[in-house]
Every structure is written in structure tokens, then in C-alpha cells.
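> Attaching a single structure in C-alpha cells format; questions to follow.
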Amino acid sequence: MQGKRLNFLVLAAMMAVTGTAFAQRASVVGVVADSVSREGEPYASVRVFSAKSPEHPVAMGVTDINGHFKQEVKGAGEYRLTVTSIGKKLIERRFTIANSNSVDLDSLLLTDEAQSLKEVVVTAQRPLVKMEVDKMTYSVDADVDAKTNSVLDMLRKVPMVTVDGNDNITVNGSSNFKIYVDGKPNVMLSSNPSQILKSMPASVVKDIEVITNPGAKYDAEGVGGVLNFVMDKSGAAKGATDNFTATARAMASATDIHGGVYAAMQKGKLSMSVNVNIGRSKMKNTENETVNDQISSAGVSTNHTLYDGSTTFKMRMANLSASYEIDSLRLLSASVGLMGFEMDNDMVGTNVLSGVAYGKGYGYGGTYYNRGSHNSFTGSIDYQRGFAGNKNRMLTLSYLFTTSPNTTKTDNGFILDSISPMFNLTDRYINARTGTIEHTFQADFTNPMGKVLTLDAGLKYIYRKNTSHSDYYNVAADGTRSWDEASSINYRNNNDIFAAYAELGAKSAHWSGKAGLRYEYTWQNVKYILGNGQNFSNDYGNLVPSGNVSYAISQSQNIGLAYNMRISRPGITMLNPYVDRSNPTALTYGNTNLDAEKAHNISLVYNYFTPKWVVNMTLRESLCDNAISRYSFYQDNLLNTTYGNITKNHQTSLNAFINWTAGKNTRLMLNGGVNYTDLRSDARALHNYGWQANGMVGLQQTLPWNIRLSVNAFTSTKTYSLDGWSTGFNMGMMSLSRSFLSDKLNVSIMAVTPIDHSKLIMKEYKAGSDYSSMSRTSVGIRKVMLSISYTIGGNTSVKKAKRSISNDDVHNVQNQQESLGKVVPN
């Protein structure tokens with residue numbers, strides 16, 4: 001009897017073990033997102049409770065960088081899942097596990113906490129960077145430096161973006177990239193990014209998105225990628241039906257002053273926001289020294305220029321956004337934007353000419369005054385239609401109007417010891433007007449095909465009218481101006497662009513990918529109303545493939561491979577045949593025969609993200625065999641500068657971004673890259689190559705009394721162009737900031753200085769078959785700036801269509817001299 005009892009106990013134990021081993025396991029999956037922006041919420045806490053034991057979680061974890069989560073539970077029954085995140089309302093979702101091996105809770109939407117916490121200080125730090133295979137998002141409003149820095153300063157910290165000592169911007173090692181704001185293009189910002197972003201306070205920007213591998217839904221333009229500045233201060237309406245918030249801000253230093261107001265309101269289904277900013281800054285004692293050598297079989301002729309002066313910048317921008325939620329499936333949104341930018345250069349200097357071509361040599365003095373006024377107006381409307389059967393199926397219809405009138409007025413005066421034997425040194429005045437008008441119509445459709453596949457498709461039409469009208473005047477001693485018809489031009493360049501795309505996306509537990517195809521056809525018509533040139537038409541089409549695939553190694557790691565082909569149509573600055581004669585020793589003009597660039601890009605991306613660490617490594621190869629380059633040559637003793645599809649540009653780069661949250665009060669950052677560039681031109685018999693590197697190291701520390709310290713150091717090595725190189729730079733920034741009155745009042749102070757000199761010194765060398773040029777520019781950037789902002793009301797935001805228009809198809813020029821705020825005769 002005792003033996004039977006023992007056998008029974010052994011059998012019961014075996015059955016219990018077997019039952020435990022084969023207990024049902026189920027995966028609970030979903031995605032946590034912001035209720036307004038619909039962007040994934042990283043590092044939200046997820047807990048699963050059993051109805052049998054509601055006090056203790058049976059599974060717990062955090063969402064990944066994209067807001068996704070996966071929790072495993074065992075045993076059938078009733079469960080409760082909770083989601084918490086800093087400053088957000090608690091989410092609870094009840095579900096039942098019966099016979100299924102997995103439960104998909106779909107999207108869980110977070111809203112802001114309705115009541116502020118008065119007695120609790122939240123010290124956790126928000127992640128600065130969100131990494132994906134084809135896009136990187138830098139959270140500017142989560143960076144304490146945004147309270148005092150300009151947008152250009154913040155770009156120095158953004159992965160995949162480089163800003164050199166001359167303030168020239170590159171994305172993925174290319175100066176050919178596209179810029180738009182809140183998903184909509186701004187022609188003026190694309191043509192003058194450095195100057196405008198330098199004058200724009202970072203506090204008006206929420207996120208900077210770097211779309212490094214644009215898919216088929218994006219215009220095929222932009223070799224380096226796309227920069228999108230998200231300007232709206234997002235944040236849900238705190239669960240309230242009616243709400244209002246407003247923030248006033250001011251920044252000032254010895255040379256700069258900026259101010260702005262942001263306000264937003266929600267009244268039922270209508271929400272509106274307005275953002276207004278103005279700024280003024282001045283750069284004094286800017287010095288430029290250039291030595292141009294003309295090389296011939298007879299010998300070397302030298303033109304030595306030395307100019308000194310000041311530059312004043314004025315910036316103004318305003319944006320009004322509104323949306324009306326017709327019902328849960330239909331959203332109507334609209335926006336109007338104005339942007340203006342003025343740059344005044346006032347310089348004086350000397351030219352000394354010597355050598356073979358100039359005989360015994362001679363010299364002259366000169367005064368140079370240039371005033372540029374650049375303006376832009378955009379207006380858009382979007383209609384978004386969801387479908388009751390599937391909330392992720394969506395149709396968006398969009399219209400965008402853009403106009404950008406620009407005027408540049410130049411006065412050149414010359415002080416002569418004697419009449420020049422070979423140059424026209426008559427005083428001159430030039431009034432140049434350029435403009436672009438665009439009408440864009442677009443339709444996008446997103447159709448989920450089950451839980452794995454999603455199809456995106458769309459159509460787009462752009463009518464673009466470019467104009468250039470430049471009048472040249474000779475100025476007599478008494479100031480009388482005489483129009484010179486032969487040196488003036490009136491030019492039109494019209495483009496009609498049609499595009500269609502389709503992109504198929506697939507997603508499983510560990511794998512995801514996209515494959516797309518885009519076709520663009522362009523009708524181009526050029527007409528000369530005044531000036532030497534023949535009217536012509538040019539039609540061409542481009543088939544642009546793209547694709548990416550990624551694998552989730554774990555919940556905190558993924559790796560991806562992406563390919564895309566990009567094109568770049570030349571902008572009006574490159575095409576404009578007008579001959580700029582403001583410098584008596586040089587001519588500058590465009591080339592109407594330019595073709596669109598075609599580049600192939602391959603990227604291997606690795607991402608690692610935990611609450612303490614964010615790591616991104618990107619290895620990229622870019623190949624372009626018909627790149628547009630600016631080049632120079634001498635003709636009739638005049639230095640001619642123009643553009644051509646003359647360069648084979650091959651680049652290999654490795655970029656790294658590391659963010660370590662060492663503690664609740666400490667954050668360390670590293671952002672940098674190494675690039676090998678090979679540039680070759682058979683047409684100009686030029687070949688240049690070399691290694692380039694840049695880096696940023698930053699520390700953010702919360703000190704006693706809740707004072708936030710930020711210290712950043714930036715460095716860059718020599719960079720290469722087709723015919724030369726530019727030196728690097730070393731620069732440091734430090735800021736202290738503190739909030740008062742429950743974070744309504746913010747006060748910050750920031751200091752900037754070069755590390756190795758009292759001024760930022762840049763050298764540039766260029767050489768060709770018949771010329772060489774060396775220039776040295778020194779700019780005073782050392783400054784201390786005070787910033788104050790005050791907020792009333794609670795957070796609110798304007799809902800926007802998930803899809804909208806982004807015209808990123810024009811290649812504009814960033815000129816180094818213009819970047820520094822000067823145009824120097826040489």
C-alpha cells in the first residue's frame with residue numbers, strides 16, 4: 001500500500017512538471033504612440049497583471065525607440081495591461097487569453113496629464129534621438145541648449161549633419177540636400193539655409209528630422225537627403241476640450257537680439273497656433289584676404305585683395321496653422337507662412353595687381369555695399385480622410401502655393417590713382433530680382449493589406465515658374481546712373497513636373513522592409529526676354545527605385561540596409577546665364593545646359609537603444625558620376641566662375657552618435673563622422689581626394705538648485721572640394737539655465753568662443769590648370785547671450801495631416817562667402 005502511494009506521488013509530481021512545462025505561453029504586442037503626433041513613445045513602462053493577482057505584475061518592460069512592445073505571459077485567463085510615461089496619462093487595457101498564441105493590442109494612444117504635479121519634481125531625461133533605418137529625429141525641445149542656441153548651433157549636434165567653420169551645411173557628406181518646415185518646402189530657406197538658421201532661435205523648433213534614405217513617397221531630389229524642421233510646439237490638449245497657451249521669448253547679446261511669440265488655442269474641434277519671430281544680428285570687423293594667381297606660359301600674374309567690413313542680418317518669420325476635426329475620420333488643416341531675410345554688407349578694401357599680365361602693376365581702392373532682401377510666402381491646405389473599416393487606411397489630398405521674390409542691390413565704387421589699362425573700373429550699380437512661383441497638387445493613399453503588408457501610392461503635379469531680371473547701370477562721378485542694356489538680362493525658366501509612386505511595406509516580428517518605385521517627368525521651357533541667349537525646351541524623365549530592410553536583433557537592437565537613387569535638378573542660381581560684373585576682375589554666371597545629377601546611395605545602419613544608451617552607427621557609400629560643381633578659369637585676364645556636370649563624386653563615410661544617460665542628472669553625447677572623398681573631373685583635368693572628420697562632445701548636467709549646465713566642444717578637419725580644400729575649426733559653447741514659477745519662466749545664459757584663436761579663422765585654397773587662389777577669412781564669433789521666455793496657459797497643438805506636400809526637388813547653392821555674411825570683391 002505504501003509502494004502504491006509512493007508511485008502515485010511520483011506520477012502526480014511528473015504530471016505537475018509536465019503541465020508547467022507545457023503551460024500555454026502567449027505574446028502580448030502593441031505600439032504606444034502620442035495621441036496627437038501619432039509618433040511612437042520610446043521607453044514607456046509596460047506592465048501586465050493577472051486578474052488572479054492584480055497587485056503584482058506577471059510581466060513588465062519598456063517600449064523600444066519606436067514605441068513597440070512585446071511581453072510574454074503564460075496561462076489562459078483575464079489580464080490587465082498598463083502603460084505609463086512621464087507627463088502622460090495612465091493607459092489601462094483589459095484582455096483575455098484563451099487559445100491564441102498572441103494578442104495584438106494595436107495602437108495605445110497617450111495623452112498629456114491633465115493636472116500638473118506641484119509637489120513632485122520629475123528628473124528623468126527624455127531621449128534626444130530616435131533612430132530608424134531611413135530617418136533620424138533629434139528632439140530639440142528635449143535639449144537644454146535649445147533655450148539659448150540658434151537652429152544652426154543645434155544642427156552641429158545632429159547626427160548625419162555637419163556644419164563647418166564657414167557655416168556651410170552638409171547632410172551625409174553632401175551639400176546637396178533639401179530643407180522644408182513642418183513637411184512643406186520653403187524656397188528661401190533652401191537657398192539661404194546657413195544665414196537664416198543662424199538667425200533663428202532654436203526654441204521655436206520641436207524636432208529636426210534627418211531623412212537619410214528617402215523612399216518612393218518623397219521627391220527624388222536631394223543627394224544627401226532631406227532636413228525637416230518641425231516647428232509646432234506639440235503636446236496634446238491635456239484632455240481638455242478648450243485650451244490656450246502662449247510663450248514669449250527674448251534673446252540678446254552685444255551683437256544679437258531676437259524675440260518671438262508662440263500661441264495656440266483649442267475650441268472644440270477647432271485648433272489654431274501662431275508663431276512669430278524677429279531677429280537682428282551684426283558681425284563687425286570681418287576681414288578677408290585673397291591672393292589669386294593667373295598662371296600662363298609667360299609667368300604668374302597676381303591679384304591681391306584685402307577687404308574689411310561688417311554685415312547686418314535681419315530675420316522675420318510668421319506662421320499660422322489651423323485644423324478642424326470634422327469627425328473621427330475626417331480632418332481639414334491649413335497653414336500660412338511668411339519669412340523674410342535681409343543681409344547688408346558694407347565693406348572697404350584695396351586691390352594690388354602685379355606680374356606678367358599687369359605690366360608694371362597698379363592698384364585701386366574700393367567700396368562695396370550689398371543689400372539682399374529675400375522673402376517667401378507659403379499657403380497650404382490638406383484634407384485627410386480615414387476609413388471606418390480600417391483606421392490606418394487613409395486618403396490625403398493637398399494643395400500648396402509658394403512664392404519667393406528676392407532682390408539684391410549692389411553699389412560698387414572705386415578709388416583710382418590712374419586709369420586702368422585693362423579693367424573697367426567705372427562705378428556701377430546692379431539691381432537683380434529673382435523669383436519662384438509654385439503650384440503643387442498631390443494625392444496620397446495608404447492601404448494596409450492585413451497585419452503584414454502596407455501599400456502607399458500617390459500622384460503629384462508641380463507648376464514652377466522661375467524668373468530672373470537683372471539691370472546693370474554705370475554710375476557717373478555726379479551719381480547719375482546710365483542703364484547698360486548689353487549687361488542686363490530678363491530670363492524665364494518654367495517647369496512642369498509630374499510624378500507617380502508606389503511603395504510596398506512589410507513587417508513581421510523581427511523583419512521589416514520597404515520597396516518602392518517613383519517616376520518623374522519634367523517639361524522645361526526657357527525664354528529670354530532680354531539678353532543674349534536662345535529660347536529652348538528640354539523634356540526628360542527619371543525612374544527612381546528605393547528600398548530598405550531591417551532586422552530586430554532584440555527589443556533594443558536593430559540593423560538595416562537601405563538603397564536609394566536620388567536626382568538633383570539645378571536651381572535658378574546655377575542655371576541663370578546673367579553675368580555678374582560687380583567685381584571688375586572677375587565674372588560669375590550660370591549654365592543653362594546643366595543636367596540633373598543622379599546619385600546612388602547604399603547605407604548599413606545599426607541602432608542600439610535602452611533607457612541609458614542610444615547608439616547609432618551608419619556606414620554609407622554614395623556614387624555620383626555627373627555631379628554639378630562650381631569651377632573657375634581665366635579668360636582675357638578675367639577670372640570666370642560657372643557651373644558644370646563635370647565631377648565624379650564618390651564618398652565613403654562612417655557616422656556615429658552615442659548618447660549615455662549616466663544618471664538622472666547627467667547626460668554625455670558624442671556625435672561625429674569620418675569620410676573619404678574622391679573627386680575627379682576629366683573635363684577640367686582635376687583630381688582631389690582625402691580623409692575628412694568632424695566631431696562633437698557634449699555634457700549636460702543638472703546642478704544643485706535645479707541649474708542645468710551644458711558644455712559642448714566642436715571640431716572639424718580639412719574638407720575637400722574638386723579644386724581645393726578648406727581648413728577645419730575648433731569651437732566651444734557653454735550654457736547655464738534655470739526654470740522658475742513651475743517651469744513657466746526660463747532664464748538662460750550662453751557663451752560661444754573659438755578654442756584656438758580669438759576669432760574664427762578659415763583658410764581656403766583652390767587651384768586649376770591656369771589659376772590658384774588662397775584666401776583667409778577671420779570672423780568674430782565670441783559672444784555671451786542672455787535668453788528669457790515666459791509661458792502662460794497649458795499645452796495645446798494643431799493636428800496635421802499625416803501626409804502632406806514636400807517639394808524637395810531643386811539643387812540650390814550654398815556659397816561659402818555668403819555663408820559668412822559677406823560677398824567680397826576679389
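> Look at the range 505-520 and say how many of its residues are within 26 Å of the chain's Cα centre (by Cα) and not basic (K, R). Steps first, answer last, please.
Initially, the range 505-520 is screened for residues within 26 Å of the chain's Cα centre (by Cα), giving 505, 512-520.
Now drop any that are not not basic (K, R), which leaves 505, 512-513, 515-517, 519-520.
The qualifying residues number 8.
> Name every residue in the range 91-102 that is open to solvent by less than 40 Å² (accessible area, probe 1.4 Å) and at pLDDT 85 or above, in order of residue number.
Let us first name the residues in the range 91-102 that are open to solvent by less than 40 Å² (accessible area, probe 1.4 Å), namely 91, 95, 97.
Answer for the range 91-102, where residues must be open to solvent by less than 40 Å² (accessible area, probe 1.4 Å) and at pLDDT 85 or above: I91, F95.
> Applying the selection to the range 482-498, what residues are of a type outside the set (D, E, K, R) and either over 30 Å from N424 (Cβ atoms) or part of a strand (DSSP E or B) (or both)? I'd like the intermediate steps shown before the answer.
The first filter runs over the range 482-498 and keeps only residues of a type outside the set (D, E, K, R), leaving 482-483, 486-491, 493-495, 497-498.
Selection gives S482, W483, I489, N490, Y491, N493, N494, N495, I497, F498.
> To continue, here is another question. If I go through the range 594-609 residue by residue, how many of them are open to solvent by 30 Å² or more (accessible area, probe 1.4 Å) and farther than 30 Å from L543 by Cα? Talk me through it step by step, then tell me what you get.
Our first condition is that a residue be open to solvent by 30 Å² or more (accessible area, probe 1.4 Å); within the range 594-609, this holds for 595, 598, 600, 602, 604, 606, 608.
Remaining after also requiring farther than 30 Å from L543 by Cα: 608.
Here the count works out to 1.
> Still on this model: Just a yes or no: is a residue in the range 634-644 in a loop (DSSP other than H, G, I, E, B) and over 30 Å from S468 (Cα atoms)? Don't jump to the end; show me each part of the working.
Residues of the range 634-644 that are in a loop (DSSP other than H, G, I, E, B), as a first pass: 636-637.
Adding the requirement that they be over 30 Å from S468 (Cα atoms) leaves none.
Taking every residue of the range 634-644 in turn, none turns out to be in a loop (DSSP other than H, G, I, E, B) and over 30 Å from S468 (Cα atoms).
> Within the range 373-386, is there a residue that is surrounded by fewer than 16 Cβ atoms within 10 Å (Cβ to Cβ), over 26 Å from P193 (Cα atoms) and modelled with pLDDT under 90?
No, that holds for no residue.
> Select from the range 674-708 the residues that are part of a strand (DSSP E or B), under 30 Å from S739 (Cβ atoms) and touching a residue at least 60 places away in the same chain (Cβ under 8 Å) and list them in ascending order.
As a first pass, look at the range 674-708 and keep what is part of a strand (DSSP E or B): 674-681, 686-703, 707-708.
Filter once more, so that each one left must be under 30 Å from S739 (Cβ atoms): 696-703, 707-708.
Once the filter is applied, which keeps residues that are part of a strand (DSSP E or B), under 30 Å from S739 (Cβ atoms) and touching a residue at least 60 places away in the same chain (Cβ under 8 Å), the range 674-708 yields M696, G698, Q700, T702, R708.
> Which condition number in (1) under 24 Å from the mean Cα position of the chain (by Cα); (2) open to solvent by less than 10 Å² (accessible area, probe 1.4 Å); (3) modelled with pLDDT of 70 or more is the one that T245 fails?
Against the list (1) under 24 Å from the mean Cα position of the chain (by Cα); (2) open to solvent by less than 10 Å² (accessible area, probe 1.4 Å); (3) modelled with pLDDT of 70 or more, T245 comes up short only on (1).
> Looking at the range 639-649, can you tell me whether even one residue there is farther than 30 Å from S554 by Cα and open to solvent by 40 Å² or more (accessible area, probe 1.4 Å)? It would help to see each step written out before you state the result.
Taking the range 639-649 and keeping what is farther than 30 Å from S554 by Cα, we get 639-649.
So of that shortlist, the ones also open to solvent by 40 Å² or more (accessible area, probe 1.4 Å) come out as 645, 648.
So far as the range 639-649 goes, yes, one or more of its residues are farther than 30 Å from S554 by Cα and open to solvent by 40 Å² or more (accessible area, probe 1.4 Å).
> Identify, please: which residue in the range 709-750 is free of Cβ contacts under 8 Å to residues at least 40 places away in the same chain and small (G, A, S) and is, among those, surrounded by the fewest Cβ atoms within 10 Å (Cβ to Cβ)?
G732
> Out of the residues in the range 345-354 that are open to solvent by 30 Å² or more (accessible area, probe 1.4 Å) and not polar (S, T, N, Q), which is farthest from the chain's Cα centre (by Cα)? Working first, answer last.
Keep residues of the range 345-354 that are open to solvent by 30 Å² or more (accessible area, probe 1.4 Å), which gives 346, 348, 350, 352, 354.
Filter once more, keeping what is not polar (S, T, N, Q): 346, 348, 352.
Details: D346: 30, V348: 35, V352: 42 Å.
Restricting to residues being open to solvent by 30 Å² or more (accessible area, probe 1.4 Å) and not polar (S, T, N, Q), the top hit is V352.
> State the number of residues belonging to the range 754-784 that are more than 30 Å from L638 (Cβ to Cβ) and either assigned to a loop (DSSP other than H, G, I, E, B) or at pLDDT 90 or above (or both).
Of the residues in the range 754-784, the ones more than 30 Å from L638 (Cβ to Cβ) are 754-760, 780-784.
Now restrict to residues that are either assigned to a loop (DSSP other than H, G, I, E, B) or at pLDDT 90 or above (or both): 755-759, 780-782, 784.
The total comes to 9.
> Being among the aliphatic types (A, V, I, L, M), open to solvent by 30 Å² or more (accessible area, probe 1.4 Å), over 21 Å from G363 (Cα atoms) and assigned to a strand (DSSP E or B) is the filter here, so list the residues in the range 282-319 that pass it. Explain how you work it out, then say what you get.
Keep residues of the range 282-319 that are among the aliphatic types (A, V, I, L, M), which gives 283, 291, 295, 298, 300, 306, 315, 317-318.
Applying the additional criterion that residues be open to solvent by 30 Å² or more (accessible area, probe 1.4 Å) yields 291, 295, 298, 300, 306, 318.
Restricting the remaining residues to those that are over 21 Å from G363 (Cα atoms) gives 298, 318.
If the condition is that a residue be among the aliphatic types (A, V, I, L, M), open to solvent by 30 Å² or more (accessible area, probe 1.4 Å), over 21 Å from G363 (Cα atoms) and assigned to a strand (DSSP E or B), then A318 is the only one that fits.
> Could you list, in sequence order, the residues of the range 364-388 that are of a type in the set (S, T, Y) and touching a Ser or Thr at 6+ places or on another chain (Cβ under 9 Å)? Even if it seems obvious, please write down each step before you answer.
Our first condition is that a residue be of a type in the set (S, T, Y); within the range 364-388, this holds for 364, 367-369, 373, 376, 378, 380, 383.
Of everything in the range 364-388, those that are of a type in the set (S, T, Y) and touching a Ser or Thr at 6+ places or on another chain (Cβ under 9 Å) turn out to be Y364, Y368, Y369, S373, S376, T378, S380, Y383.
> Given (1) in a strand (DSSP E or B); (2) over 28 Å from the mean Cα position of the chain (by Cα); (3) free of Cβ contacts under 8 Å to residues at least 60 places away in the same chain; (4) farther than 24 Å from E597 by Cβ, identify the lone condition not met by S470.
Tallying (1) in a strand (DSSP E or B); (2) over 28 Å from the mean Cα position of the chain (by Cα); (3) free of Cβ contacts under 8 Å to residues at least 60 places away in the same chain; (4) farther than 24 Å from E597 by Cβ, S470 fails exactly one: (3).
> Restricting attention to the range 46-59, does a residue exist that is in a loop (DSSP other than H, G, I, E, B), under 27 Å from Q557 (Cα atoms) and not basic (K, R)? Steps first, please.
Going residue by residue through the range 46-59, those that are in a loop (DSSP other than H, G, I, E, B) are 51-52.
Filter once more, so that each one left must be under 27 Å from Q557 (Cα atoms): none.
For the range 46-59, residues in a loop (DSSP other than H, G, I, E, B), under 27 Å from Q557 (Cα atoms) and not basic (K, R): absent.
> Among the residues in the range 540-555, are any farther than 30 Å from V605 by Cα, open to solvent by 30 Å² or more (accessible area, probe 1.4 Å) and over 24 Å from the mean Cα position of the chain (by Cα)?
First, pick out the residues of the range 540-555 that are farther than 30 Å from V605 by Cα: 540-541.
Applying the additional criterion that residues be open to solvent by 30 Å² or more (accessible area, probe 1.4 Å) yields 540-541.
Pick out the ones that are also over 24 Å from the mean Cα position of the chain (by Cα) and you get 540-541.
Yes: one or more hits.
> Please give the number of the condition W691 fails out of (1) under 27 Å from M160 (Cα atoms); (2) open to solvent by less than 50 Å² (accessible area, probe 1.4 Å).
All conditions are met except number (2).
> Any residue at all in the range 650-670 that is open to solvent by 40 Å² or more (accessible area, probe 1.4 Å), of a type outside the set (A, V, I, L, M, F, W, C) and in a strand (DSSP E or B)?
Yes - at least one qualifying residue is present in the range 650-670.
> G365 passes all but one of (1) without any contact (Cβ under 8 Å) to a residue 40 or more places away in the chain; (2) open to solvent by less than 20 Å² (accessible area, probe 1.4 Å); which number fails?
G365 satisfies all of (1) without any contact (Cβ under 8 Å) to a residue 40 or more places away in the chain; (2) open to solvent by less than 20 Å² (accessible area, probe 1.4 Å) except (1).
> In the range 436-452, what residues are assigned to a strand (DSSP E or B), open to solvent by 60 Å² or more (accessible area, probe 1.4 Å) and either under 30 Å from A486 (Cβ atoms) or aliphatic (A, V, I, L, M) (or both)?
I437, M449, listed by residue number.
> Which residue, of K70, K88, K74, is without any contact (Cβ under 8 Å) to a residue 60 or more places away in the chain, open to solvent by 30 Å² or more (accessible area, probe 1.4 Å) and closer than 13 Å to R25 by Cβ?
Numbers: K70 fails: without any contact (Cβ under 8 Å) to a residue 60 or more places away in the chain; K88 fails: closer than 13 Å to R25 by Cβ.
Of the residues listed, the single one that is without any contact (Cβ under 8 Å) to a residue 60 or more places away in the chain, open to solvent by 30 Å² or more (accessible area, probe 1.4 Å) and closer than 13 Å to R25 by Cβ is K74.
> Within the range 456-473, work out how many residues are surrounded by fewer than 17 Cβ atoms within 10 Å (Cβ to Cβ) and at pLDDT 95 or above. Before you say what the answer is, go through the steps one by one.
Pass one, the range 456-473, residues surrounded by fewer than 17 Cβ atoms within 10 Å (Cβ to Cβ): 459, 461, 463, 465.
Imposing the further condition that a residue be at pLDDT 95 or above reduces the set to 459, 461, 463.
Here the count works out to 3.
> Go through (1) outside any strand (DSSP E or B); (2) under 30 Å from N558 (Cα atoms) for Y501 and report which single condition fails.
Answer for Y501: the failing condition is (1).
> OK, next. Would the range 320-340 turn up any residue that is part of a strand (DSSP E or B), of a type in the set (V, I, T) and surrounded by 16 or more Cβ atoms within 10 Å (Cβ to Cβ)?
Residues of the range 320-340 that are part of a strand (DSSP E or B), as a first pass: 320-327, 330-340.
Next, from what is left, pick out any that are of a type in the set (V, I, T): 326, 336.
The next check asks that each one be surrounded by 16 or more Cβ atoms within 10 Å (Cβ to Cβ); those that pass are 336.
Yes, the range 320-340 contains a residue that is part of a strand (DSSP E or B), of a type in the set (V, I, T) and surrounded by 16 or more Cβ atoms within 10 Å (Cβ to Cβ).
> Inspect all residues belonging to the range 569-576 and state whether any of them is part of a strand (DSSP E or B) and touching a strand residue (DSSP E or B) at 6+ places or on another chain (Cβ under 8 Å).
Going through the range 569-576, the residues part of a strand (DSSP E or B) turn out to be 569-570.
Those left that are additionally touching a strand residue (DSSP E or B) at 6+ places or on another chain (Cβ under 8 Å): 569-570.
Yes; the residues of the range 569-576 include at least one that is part of a strand (DSSP E or B) and touching a strand residue (DSSP E or B) at 6+ places or on another chain (Cβ under 8 Å).
> Which one is farthest from N474 (Cα to Cα) among residues in the range 571-587 that are open to solvent by less than 20 Å² (accessible area, probe 1.4 Å) and not polar (S, T, N, Q)?
That would be G571.
> Against the condition under 30 Å from Y643 (Cα atoms) and outside any strand (DSSP E or B), how does Q524 come out, does it pass?
Values: under 30 Å from Y643 (Cα atoms): yes; outside any strand (DSSP E or B): no.
Taking the combined requirement at face value, the residue does not satisfy it.
> Here are G516, G479: which of them is open to solvent by less than 20 Å² (accessible area, probe 1.4 Å) and outside any helix (DSSP H, G or I)?
G516
> Being touching a Gly at 6+ places or on another chain (Cβ under 7 Å), open to solvent by less than 30 Å² (accessible area, probe 1.4 Å) and more than 22 Å from L400 (Cα to Cα) is true for just one of Y491, Y501. Which residue is that? Break it down stepwise before answering.
Numbers: Y501 fails: more than 22 Å from L400 (Cα to Cα).
Matching residue, one of Y491, Y501: Y491.
The values are calculated or read from the model by the stated rules, or taken from the named source; none is laboratory data. Quick caveat: nothing in here was measured; it's all calculated off a predicted structure. All Cβ positions, glycine included, derive from the backbone under ideal geometry; neighbour counts span all protein chains shown. All accessible areas refer to the heavy atoms of the entire protein, side chains included, with ligands and DNA or RNA removed. Shrake-Rupley method; radii C 1.70, N 1.55, O 1.52, S 1.80 Å.
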